[in-house]
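Report on the structure given below.
The values are calculated or read from the model by the stated rules, or taken from the named source; none is laboratory data. Values in this document were obtained by computation on a predicted structure and should not be read as measured data. Positions of Cβ are backbone-derived with ideal geometry, glycine not excepted, and every protein chain shown enters the neighbour counts. Each accessible area value is taken on the protein alone, full model and side chains, heavy atoms only, with ligands, DNA and RNA left out. Shrake-Rupley method; radii C 1.70, N 1.55, O 1.52, S 1.80 Å.
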Protein chains: 2
Amino acid sequence: MSKRTEKTIVDIAEELQLSVSTVSRALNDHPNISARTKERVKKTARKLGYRPNALAAGLRNNKSKTIGLIVPRISMFFPATISTIIQNKLQEFGYNLIICQSNDSYEQEVALVNTLYSARVDGLVVSTTLYTTDFSHFDVFRDNNIPLVFFDRVPKDYNVKVIKGDDYRGGYIGTTHLIEKGCKDIVHISGPLTCCLYSDRVAGYKSALQEFKLPFKKSRVFYQELTKENAWQTCEKIFSQKPYPDGIFASNDTTAITISEYCRSIHLRVPEDVKIVGYSNDPRTEIVSPAVSSVDQYPGMMGERVVAVLMEMINGRQTAVPRYSQEIIPIQLIERQSSAGKVKAGKKKLSLS
Amino acid sequence: MSKRTEKTIVDIAEELQLSVSTVSRALNDHPNISARTKERVKKTARKLGYRPNALAAGLRNNKSKTIGLIVPRISMFFPATISTIIQNKLQEFGYNLIICQSNDSYEQEVALVNTLYSARVDGLVVSTTLYTTDFSHFDVFRDNNIPLVFFDRVPKDYNVKVIKGDDYRGGYIGTTHLIEKGCKDIVHISGPLTCCLYSDRVAGYKSALQEFKLPFKKSRVFYQELTKENAWQTCEKIFSQKPYPDGIFASNDTTAITISEYCRSIHLRVPEDVKIVGYSNDPRTEIVSPAVSSVDQYPGMMGERVVAVLMEMINGRQTAVPRYSQEIIPIQLIERQSSAGKVKAGKKKLSLS
DNA sequence: TGGATTATTGCAAACGTTTGCATTAAATTA
DNA sequence: TAATTTAATGCAAACGTTTGCAATAATCCA
């Protein structure tokens, strides 16, 4: 057991004939320890190879200097980007980040919340499962007044701090853009409605159609997990019979890109025959040809806001009283090749105000 | 302070008129606690909303049930995929994972090692910075016999457990493939040689050239951080004067994809005029056109091996004595459009044994 | 029925910090 | 110089567990 080499502050104290309290205070730069003592203590700390034990300090202080993060998966562009930012930002504040993935499983999410509570994280950041509609597993955090922030995929009707993208507007803008480019029959491929993200975007899609007096047809909206496989299957369904849509608005970029591939496979031209808009502005949209238009969600801004809000809560500037508050991060449409120009020859441009 | 609601095992003990030790053992299913008592304890634990305090347990047991992971960045495909797998796998074993990014900064890496040590992680997994050549900051772990595993970007000459891809072979296979497809003047774009990954691949590249009696020219190898921007610049250099190379082997896919874009921009045809092979088999290689050939590194296998080895070390089956041991994960070339067919008309196929 | 074995439970120390309060030493003032 | 203030240090409890050992209760066998 070489563990016997672990030095503690009592070793330092003994070596210097000081009390442990003095050593502790010296290491923490407590004001009423003399400069000379601080020097001596720090020096022998280095000499002995002393490493503070964060567990012990955490136990005593009832804080772990650790934040928990739960996301569906870190292999997807948007959560990955946000996680990166959160992690880097927290590092600046001296916090560690425990990143966990629910893999979009409700049960896993519940389990993770509990282990992160046991780990006594000082705060929890979460983007929920596609299927989380009951949020009571977060009560432990909320009721114990431990900072809790949701982002992107956030609860509806749960009294808590929420930071989300402007999904309604995203749905609206994406659809409007296609209409302005001349599309008259726009399919929307959405995620499951249990997730607020998608219901908001669908609402935006609807209101855009309505505003431009285009009919909303139930058969033109698809609800599915937004995987490549599902996208391909849905394409097969869509293009199994005419009339073909002249625009498709997909609620993520994996889907948008797959649609584009499918169109090529059946010799439909993008954007001439079908225009496509995706969501998230995944960098893949740029390298694919034609490049795919997409709704950017400013992940950087969102990540920074998450950390800022969290830190305010931790430092008590923000009232930690569980109070619903929603912060909306703007979105922006990035126009690319996949939705360029006019609908196929013969149709003329809608004149829009 | 609603923190006063935190229940501990002594609350359970009081409620049941038992000793804390009995409660502790009951909760941990210790064999010599009667079934009846266990039942009662667990029931009131639930009733009181008791949550174990992992910090306290960790302090007492000298283990945190937490693993540290340091990667350059989690936004890159390969480390992201591995992190995902490691995280999911560890979850099965009841371990949390603290994911940290060094952002390819040596100083940050050093700092992270120290905070993870302070957090008393039960093990550390790391893929180093591009520029880490001094590994002494890992001594704390090695010397205290705390499981330490390196993967992908691993140390040379540091006595420790290492799991890496077969980069020499990857370099060899990638180059050989281009040669077999008829290339005679192959550029190699490599990362900095401080990183074992790249030096191994360069070695593979060299030996392939040698084997096929092609000259190795220093001017045909470039060493740089493998970013998009650098790739573009290097392309400008390469194609600023003739003769153009007829094959390019890039040490990552971002670079390979950018090269392909550059070629299109100057109206060079891929693969007819230039053939391209990348590294890592990033999914982007598939959606780009022409699809880019790449060397797959089996991230799944690597991730699983990392966790398996780590668990063996933690459970003491593997000797934890710091002993260098290297495990090589195979690679596989995935041929795609970017390196298909023959070199431009007029050249005839090399007949290879 | 009594002694021995076995099954349960309890006591108390330990893990490494931090911190309120008490104490001592040093500096200041009258 | 004595009394008072200020600066620096020490004592001991506390954070919530776990665990070796001791103690008690229950069971068994002859």
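For segment A:230-242, does any single residue satisfy the condition of being under 24 Å from the mean Cα position of the chain (by Cα), at pLDDT 95 or above and not aromatic (Phe, Trp, Tyr)?
Step one: of segment A:230-242, the residues under 24 Å from the mean Cα position of the chain (by Cα) are A:230-231.
Imposing the further condition that a residue be at pLDDT 95 or above reduces the set to A:230-231.
Now drop any that are not not aromatic (Phe, Trp, Tyr), which leaves A:230-231.
Yes.
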The lone exception for A:Asp104 - which of (1) within 11 Å of chain B (Cβ to nearest Cβ); (2) closer than 29 Å to A:Gly300 by Cα; (3) not in a helix (DSSP H, G or I) it fails
(1)
Please work out which one of (1) of a type in the set (Val, Ile, Thr); (2) within 7 Å of chain A (Cβ to nearest Cβ); (3) within 18 Å of the chain's Cα centre (by Cα); (4) open to solvent by 50 Å² or more (accessible area, probe 1.4 Å) is the condition B:Thr115 fails and give its number.
(3)
Of (1) in a loop (DSSP other than H, G, I, E, B); (2) surrounded by 23 or more Cβ atoms within 10 Å (Cβ to Cβ); (3) more than 13 Å from chain A (Cβ to nearest Cβ), B:Val125 satisfies every one except (1)
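Among the residues of segment A:13-33, count how many are within 14 Å of another protein chain (Cβ to nearest Cβ) and among the aliphatic types (A, V, I, L, M).
Step one: filter segment A:13-33 for residues within 14 Å of another protein chain (Cβ to nearest Cβ), giving A:27-28.
Remaining after also requiring among the aliphatic types (A, V, I, L, M): A:27.
Residues flagged as within 14 Å of another protein chain (Cβ to nearest Cβ) and among the aliphatic types (A, V, I, L, M) within segment A:13-33 amount to 1.
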Looking at segment A:133-145, which of its residues are without any contact (Cβ under 8 Å) to a residue 40 or more places away in the chain and assigned to a loop (DSSP other than H, G, I, E, B)?
A:Asp134, A:Phe135, A:Asn144
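Please go through segment A:58-84 and give me each residue that is open to solvent by less than 50 Å² (accessible area, probe 1.4 Å) and within 13 Å of DNA strand D (Cβ to nearest atom), ordered by number. Spell out how you get there, then give the answer.
The first filter runs over segment A:58-84 and keeps only residues open to solvent by less than 50 Å² (accessible area, probe 1.4 Å), leaving A:58, A:64, A:66-72, A:74, A:78-84.
Selection gives A:Gly58, A:Ser64.
I'd like the full set of residues that are more than 8 Å from chain A (Cβ to nearest Cβ) and open to solvent by less than 50 Å² (accessible area, probe 1.4 Å), limited to segment B:34-49.
To start, the set of residues in segment B:34-49 that are more than 8 Å from chain A (Cβ to nearest Cβ) comprises B:34-48.
B:Thr37, B:Lys38, B:Val41, B:Thr44, B:Ala45, B:Leu48 - these are the residues of segment B:34-49 that are more than 8 Å from chain A (Cβ to nearest Cβ) and open to solvent by less than 50 Å² (accessible area, probe 1.4 Å).
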Please work out which residue is nearest to A:Ser219 (Cα to Cα), limiting yourself to segment A:148-188 and to residues that are basic (Lys, Arg) and open to solvent by less than 20 Å² (accessible area, probe 1.4 Å).
A:Arg153
Answer yes if at least one residue in segment B:189-206 is part of a helix (DSSP H, G or I), basic (Lys, Arg), open to solvent by 30 Å² or more (accessible area, probe 1.4 Å) and out of contact with any helix residue (DSSP H, G or I) (no Cβ under 7 Å at 6 or more places or on another chain), and no otherwise.
yes
Quick check: anything in segment A:225-244 within 28 Å of A:Pro79 (Cβ to Cβ) and in contact with a Lys or Arg (Cβ under 8 Å, 6 or more places away or on another chain)?
no
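So if I check each of A:Ile99, A:Ile67, A:Ile86, A:Ile82, which one is touching a residue at least 40 places away in the same chain (Cβ under 8 Å), over 20 Å from A:Leu197 (Cβ atoms) and of a type in the set (Val, Ile, Thr)? Break it down stepwise before answering.
Numbers: A:Ile99 fails: touching a residue at least 40 places away in the same chain (Cβ under 8 Å); A:Ile86 fails: over 20 Å from A:Leu197 (Cβ atoms); A:Ile82 fails: over 20 Å from A:Leu197 (Cβ atoms).
Going through A:Ile99, A:Ile67, A:Ile86, A:Ile82 in turn, just one is touching a residue at least 40 places away in the same chain (Cβ under 8 Å), over 20 Å from A:Leu197 (Cβ atoms) and of a type in the set (Val, Ile, Thr): A:Ile67.
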Just one of (1) within 13 Å of chain B (Cβ to nearest Cβ); (2) under 24 Å from B:Asn88 (Cα atoms); (3) open to solvent by 10 Å² or more (accessible area, probe 1.4 Å) trips up A:Asn144, so point out which.
(2)
Does A:Ile74 satisfy the criteria of being within 10 Å of another protein chain (Cβ to nearest Cβ) and outside any helix (DSSP H, G or I)?
yes
